[in-house]
Amino acid sequence: MGAEVTFKVGDRVRCVDAGPNGFLRKGEVYVVTYCERADDEYSSIKVAGSEQGYFITRFELAEPEVAPQPSIVHRPNHYARFEIEPIEFIMRNKLEFWQGNVVKYVMRYDAKDGIQDLRKAARYIEMQIKKLEGNTEFAK
């Protein structure tokens, strides 16, 4: 074992060639549970989920797994928890602008801006009440 170890335990590695063992699949990614350098091109490793022992084959370091980032446009976290997003509910029911905003702010308040969102919803409701009462300056 004169050469330096290429990989370390916990590394995600991609199988470059399957070798003679038949267990590993070319292109698949495995997690290293044991590793020792066999020569310049091959490493003897044991991978997670394997009871087959050690494999002498070629591996390359796999790209780190990146968790998908939530979209701030399509189904953001504060709406993704609902079966349908507020915009879908608003559009399906042909709500007026003020009604849509009330729905939006009320549905997201506990996952986004808290009391501020409830105040926004209340403002739209107050403006509509003033409008219905005949106040021409309902937006103030």
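Per-residue Cβ neighbour counts within 10 Å put Leu61, Leu24 in the sequence Leu61, Leu24, beginning with the fewest.
Considering only the other residues whose Cβ falls under 13 Å of the Cβ of Arg75, what net charge follows from Lys and Arg at +1 and Asp and Glu at -1? Surrounding charge for Arg75 is -1. All other residues whose Cβ lies under 15 angstrom from that of Asp113 are scored, Lys and Arg at +1 and Asp and Glu at -1, for a net of +4. As a rough footprinting exposure proxy, the listed residues Val103, Val13 were ranked by other beta carbons within 10 Å of their own, and the order from fewest upward is Val103, Val13.
Read-outs throughout are calculated quantities, based only on the coordinates presented, and are distinct from any laboratory measurement. Note that the coordinates shown come from a computational prediction; the quantities given were computed from them, not determined experimentally. Positions of Cβ are generated from backbone atoms using ideal geometry, with glycine treated the same way; all protein chains shown enter the neighbour counts.
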